[in-house]
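Written below as structure tokens is the structure these notes are about.
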Amino acid sequence: MRTLAIISLLAACAMPGAEIVLPGTAFERTGTIPVVYRTNAQATGRGVLSVRWTDALGRVVDERKIPVELTDEMETGFDLDLRRAVAMKNQLHVEFVFEGKNKKGEPDRRNERAQTSFVARPPERKWRDYTILMWQNHTREQSARLKELGINAGQYNGKSRTPPDFLLDNDMRWYAENIATDFYSEYHRYRSDRIQNWSFLNAKELYQKNPSSLDAFKRNPSLSDPVWLAKIHDRLVESARNHSPYRPVFYSLGDESGIADLAAFWDFDFSDQSLVEMRAWLKQRYGSLAALNAQWGTEFAAWPLVMPDTTNQAMKRAGENFSAWADHKEWMDISFARALKMGVDAVRSVDPDAYVGIGGAQMPGWGGYDYHRLARTLTAAEPYDIGNNIEILRSVNPALPVVTTSFATGPQEKHRVWYELLHGNRGLILWDEKHDFLADEGGLGPRGKEVQPYFAELRGGLAALLINSTRVANPIAIHYSQPSLRVEWMRAQRPKGEAWVRRGSSAERMDSEFLRLRESWCRLIEDLGLQYNFVTYGQVEEDELLKGGYRVVVLPRSSALSGAESRAIREFVAHGGLLIADGMPGVFDEHGKRLAGSSLADVFRAPQYGRGKAVLLPESALNYHQERLVGKEGATQRAVAQWIRQAGVTPEFVVSGEKGEPLTGIEVHRFRNGGVTIIGLHANPQMRVNELGPPEFKSNARFEKPRVVSLKLPYEMRAWDVRAGKALGVRKELSLTVDPFEPALVAFAPGPAPELQVSASQSGLIGLRMAPSTPAAAHVFHVDVAGPDGKALAHYSRNVLAANGRAGMRAPLAASDPAGKWEIRVRDLLTGQTRTVAMEVMK
């Protein structure tokens, strides 16, 4: 009899048809969802549903028994409260024990089991906190260790149809990588059987075989090829469908993308598809063929016959009308931006609020890297910090989340991580090719030990505080001009003839005077204790100089200006602005055609133009980025400081040496948070110093030592040392020691200090407030939720953004969490105040 009973029970368990039916596969964590349990056949009787909800973190989220009564039915239902979810990956197990009668009136006993999985989507899509992503894939166990280090996300191929279990099992998000690298990065991409830039070298070889042929200048695939565009669009849509349930940190359309090899110059794209699209664009731009011929100096009889100049043809032209060449280069920037916009739109057609960008973005210049266009096209970016591209992105689109990649180790790399945060970055991608973060035995490796202290600080809420404050610049604009870049490149390379064919991306970076000049102006303004914004050629045409309230405009070899730009700049000076230029600006138009004279010549000739003035420096006058390394910056610094001061621009918070002397190499960052000002002081060495020519300019030794500085406030204010979490009292002046690799961060506010108050209920609801009120627009509270054993639980702990100093959060306790006395430990990142309150959890 016992054997027969066991056989009967096994048969009951194996009865077909029992299933759990959910209203979808991925759900928001905002309320309840209905769940249907469907048994294998209609019946009448009574039973019990045993429901068990578990997640990837090992929690038993919910466990209950539900009485069931069926009347000639096969379905029953219950609700799941998704507000209790803390992990993406979840399992639902149901056991159904039933006794009754089937439709024939026969006895019916059932003991069924069913299970299903579902996704609880991450609750936060807006990029409000610092994210550290590991590029290399690891095992489930290794990923858990990395998470303890503060690394809270990873990388996963965006073409994969299934999610990465090694990340999901640790409740770690990822960014979807390399979705369309074969399109956006064809000339620099990983191949298992050849070098990354094989396609580019192949194009160069094709040119060498027949320099008169255009075949080497036909991009394959063309960014205008409708077949490829449709193919990539569909692939991106599929990727978004596969990954959107998990809310990737961002989608990367391609890695180290570009028209050619990274930022290398090349004469792409003379393919038929591109030329057809370019002619349509030219027709719209010029309006008539006669207007184009007049600009280019050509005699085309019909639009289908219009052909741009190759670089060799442009170099051999008499005079300096580069329009037929420069317009083609502008078209390629547009073509690249259009292709990227197609990709962004494709992903967002499925995942509407997704962050979509490119990885390994290059310096401003060739390869499609016109940041005026890219900043308005992408919704996220991972650039290599070269040529002030991060500053340009931040200036044009402050809302654009930017991350950068960390390759190196040592104190200089720690400095760079802080530097990028202070310049607006919202995260970090870690390249760990040597597997130095973890040791073989499972502990921390050398790189892991090195980063642990500052990763904890960044992820502990400090970075979130800066991200949710507004970085403030002084009313100084540096002109960013893609047309001038084209002209200056041609003027520099034309005397060298066909040598341009042998150039690569690194050459464009290493010997670009145009790039170094822009860097010099950035370092000079920073060394004066001031900050700036870049204003692009397009923004100048949109009257941003006056709308933005700028007082000083710098034209760093802005040789090519449009008529609209010249009018806007002239109006800016007439209204009282200061214009500084090195080399006479506006000697070419925006197409690259030499003008009879500068379009701003009258502004510079006059001692005063309207209520303002213009200052002209000789072209070779500014080599500041090198001079500052060897202590020879004084004359240039004093002259520019005087001009800017006369324009009414001075630092609100003044930093000087111990004896009041000017300081070179300390950058002053100012963040506004409502009525609170956060000042960051950070050593400011030269990035990529090894590329600066002679040996004497290849050392940052001058800036790699502690500096004692004096910080003078505009009036008495209450001060807090943000990193130390220490109140400094009411001050008018502070003396601070600035570490060569880490910043000092001090917050200032008028009035009395608010008090941190915390409350908690046994249901897991936590109240946070600064009382009675706060001058800050937003506080960041780091909240640790600790169980009865005193250990903080990472899945309940988090950084909480509190508008006006008030917020609530829920610790969605699970059925498996122990009863007893829990603790809520809170730290306010702005003032350093801490509070601990008890939370009694009952069963």
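If you go through the stretch 221-242 one residue at a time, do you hit one that is polar (S, T, N, Q), part of a helix (DSSP H, G or I) and closer than 30 Å to Gln155 by Cα?
Taking every residue of the stretch 221-242 in turn, at least one turns out to be polar (S, T, N, Q), part of a helix (DSSP H, G or I) and closer than 30 Å to Gln155 by Cα.
With the condition being closer than 21 Å to Gln482 by Cα, I'd like the strands (runs of 3 or more DSSP E) fully within the stretch 347-460 carrying at least 2 qualifying residues.
356-361
Quick one: would you say Ala564 is touching a helix residue (DSSP H, G or I) at 6+ places or on another chain (Cβ under 7 Å), of a type in the set (A, V, I, L, M, F, W, C), surrounded by fewer than 22 Cβ atoms within 10 Å (Cβ to Cβ) and in contact (Cβ under 8 Å) with a residue 12 or more places away in the chain?
yes
Considering only residues that are among the aliphatic types (A, V, I, L, M) and open to solvent by 20 Å² or more (accessible area, probe 1.4 Å), look in the stretch 217-274 and name the one that is nearest to Phe183 (Cα to Cα).
Leu229
Each row is one residue, and each column tells you yes or no for (1) open to solvent by less than 20 Å² (accessible area, probe 1.4 Å); (2) at pLDDT 95 or above; (3) in contact with a Ser or Thr (Cβ under 7 Å, 6 or more places away or on another chain).
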site	(1), (2), (3)
Glu413	yes, yes, yes
Arg416	no, yes, no
Tyr419	yes, yes, no
Trp431	no, yes, yes
Gly461	yes, yes, no
Leu465	yes, yes, no
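Got at least one residue in the stretch 128-141 being basic (Lys, Arg), assigned to a helix (DSSP H, G or I) and open to solvent by 70 Å² or more (accessible area, probe 1.4 Å)?
Yes: one or more hits.
Could you list all residues from the stretch 30-65 that are part of a strand (DSSP E or B), touching a Ser or Thr at 6+ places or on another chain (Cβ under 7 Å) and either among the polar types (S, T, N, Q) or touching a residue at least 40 places away in the same chain (Cβ under 8 Å) (or both)?
Tyr37, Thr44, Leu49, Val60, Val61
Among the residues of the stretch 144-167, write down those that are in a helix (DSSP H, G or I), touching a residue at least 60 places away in the same chain (Cβ under 8 Å) and buried (at least 22 other Cβ atoms within 10 Å of the Cβ).
Leu146
Report the residue count in the stretch 66-101 for those that are more than 19 Å from Pro812 (Cβ to Cβ), in contact with a Ser or Thr (Cβ under 9 Å, 6 or more places away or on another chain) and either among the charged types (D, E, K, R) or not in a strand (DSSP E or B) (or both).
6
State whether one or more residues within the stretch 479-490 are under 30 Å from Arg672 (Cα atoms) and of a type outside the set (Gly, Ala, Ser).
Within the stretch 479-490, one or more residues are under 30 Å from Arg672 (Cα atoms) and of a type outside the set (Gly, Ala, Ser).
Only residues that are touching a Ser or Thr at 6+ places or on another chain (Cβ under 6 Å) and within 25 Å of Leu378 (Cα to Cα): list them for the stretch 268-290, please.
Asp269, Gln273, Ser274, Glu277
Would you check if Pro245 is outside any strand (DSSP E or B) and more than 30 Å from Ala380 (Cα to Cα)?
So Pro245 does not fit the description; no.
Looking at Arg494 and the list (1) charged (D, E, K, R); (2) open to solvent by 30 Å² or more (accessible area, probe 1.4 Å); (3) closer than 20 Å to Leu578 by Cβ, which single condition is not satisfied?
Result: Arg494 passes all but (3).
Of these, Asp351, Asp345, Asp309, which one is free of Cβ contacts under 8 Å to residues at least 24 places away in the same chain and closer than 29 Å to Met134 by Cα?
Unique residue meeting the criteria: Asp345.
Check whether at least one residue in the stretch 177-192 is exposed (fewer than 14 other Cβ atoms within 10 Å of the Cβ) and either in contact with a Gly (Cβ under 9 Å, 6 or more places away or on another chain) or assigned to a loop (DSSP other than H, G, I, E, B) (or both), and report yes or no.
yes
Within the stretch 569-614, can you find the residues that are of a type in the set (Ser, Thr, Tyr), open to solvent by less than 30 Å² (accessible area, probe 1.4 Å) and more than 27 Å from Ser323 (Cα to Cα)?
none
Quick one: which strands (runs of 3 or more DSSP E) lie wholly within the stretch 518-630 and hold at least 3 residues that are more than 33 Å from the chain's Cα centre (by Cα)?
In the stretch 518-630, 613-617 are the strands (runs of 3 or more DSSP E) which contain 3 or more residues that are more than 33 Å from the chain's Cα centre (by Cα).
Could you count how many residues in the stretch 296-317 are open to solvent by less than 30 Å² (accessible area, probe 1.4 Å) and farther than 28 Å from Ala499 by Cβ?
Residues that pass the stated criteria total 1.
The values are calculated or read from the model by the stated rules, or taken from the named source; none is laboratory data. Note that the structure is a prediction, hence the values are computed from the model and not measured. Using ideal geometry, Cβ is built from the backbone for each residue, glycine included, and neighbour counts are taken over all protein chains shown. Heads up: the accessible areas ignore ligands, DNA and RNA and are worked out on the full protein's heavy atoms, side chains in. Shrake-Rupley method; radii C 1.70, N 1.55, O 1.52, S 1.80 Å.
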